[in-house]
Amino acid sequence: MRDMRTAARFAARSDGPRRPLRHVLLSSSLAGALLFALAPAVEAAPAAAANPCPRGYVRIVCVNLDNQTLWMQDKNGRRTYGPVPIRSGRKGFPTRTGLKSIYAKRVKDWSYAYNVSMPYAQYFDGGQAFHAYAGAITTPPGSHGCVNMRLADAKRLFSLTQKGDRAYIWGRRR
């Protein structure tokens with residue numbers, strides 16, 4: 001009770017700015033201080049988590065394994081292509097995550113390891129590549145680590161990228 005009376009007297013002082021008693025109580029309490037300190041961080045958190053793909057690259061291919069989508073963005077984070085659906089690595093053959101670089105591009109390629117055609121292949125990590133897939137990309141079980149796309153999507157991405165462009169892959173296939 002004593003603290004409430006002190007706060008009421010402080011609010012009624014004539015030598016300072018007048019504030020309602022509820023503002024004085026809220027701002028003088030620990031809960032109020034925490035609320036005001038954390039409010040901007042709580043509001044900003046969803047926006048930051050929505051697109052973890054790095055900015056600052058002229059072109060970067062962004063792959064979200066959580067929701068199986070791919071897009072391309074410019075140095076300011078604006079999307080220049082996509083999002084398009086993808087199919088990533090199956091259990092035991094995960095698509096490797098992290099910041100990558102497209103080091104080879106081939107319009108027509110063939111995987112001798114898995115005996116499959118890889119049109120519009122763009123290699124980003126060892127044998128893993130972005131490429132078109134003839135079947136339905138939404139059907140299980142998934143790729144052997146590559147990022148599969150529909151033919152039209154793979155062809156369009158191939159036309160937009162250059163050797164040396166970056167790719168950022170994050171998340172996990174569910």
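The values are calculated or read from the model by the stated rules, or taken from the named source; none is laboratory data. Keep in mind it's a predicted model, so treat the numbers as computed, not measured. Using ideal geometry, Cβ is built from the backbone for each residue, glycine included, and neighbour counts are taken over all protein chains shown. Side chains are part of the model used for accessible areas, which takes the heavy atoms of the whole protein and leaves out ligands, DNA and RNA. Shrake-Rupley method; radii C 1.70, N 1.55, O 1.52, S 1.80 Å.
Go through the range 127-148 and give me each residue that's among the aliphatic types (A, V, I, L, M) and farther than 16 Å from ASP66 by Cα. Across the range 127-148, the qualifying residues are ALA129, ALA132, ALA134, ALA136. In the range 45-72, the residue that is nearest to ALA129 (Cα to Cα) out of those that are touching a Gly at 6+ places or on another chain (Cβ under 6 Å) and either aromatic (Phe, Trp, Tyr) or open to solvent by 40 Å² or more (accessible area, probe 1.4 Å) (or both) is TRP71. The residue that is least open to solvent (accessible area, probe 1.4 Å), among those in the range 73-92 that are of a type in the set (D, E, K, R) and part of a loop (DSSP other than H, G, I, E, B), is ASP74. For the range 122-141, the criterion of being farther than 25 Å from GLY56 by Cβ, among the hydrophobic types (A, V, I, L, M, F, W, C) and within 23 Å of the chain's Cα centre (by Cα) is satisfied by at least one residue. Those strands (runs of 3 or more DSSP E) of the range 99-174 in which at least 3 residues are farther than 19 Å from ARG79 by Cα and modelled with pLDDT of 95 or more, considering only elements entirely within it, cover 104-106, 121-125, 128-132. The set of residues in the range 53-77 that are of a type in the set (Val, Ile, Thr) and within 9 Å of the chain's Cα centre (by Cα) contains only VAL63. Look at the range 100-119: where a residue is without any contact (Cβ under 8 Å) to a residue 60 or more places away in the chain and open to solvent by less than 40 Å² (accessible area, probe 1.4 Å) and a partner is among the basic types (Lys, Arg) and assigned to a loop (DSSP other than H, G, I, E, B), sitting 6+ places away or on another chain with Cβ atoms under 9 Å, you get ALA104/LYS163; MET118/LYS108; PRO119/LYS108.
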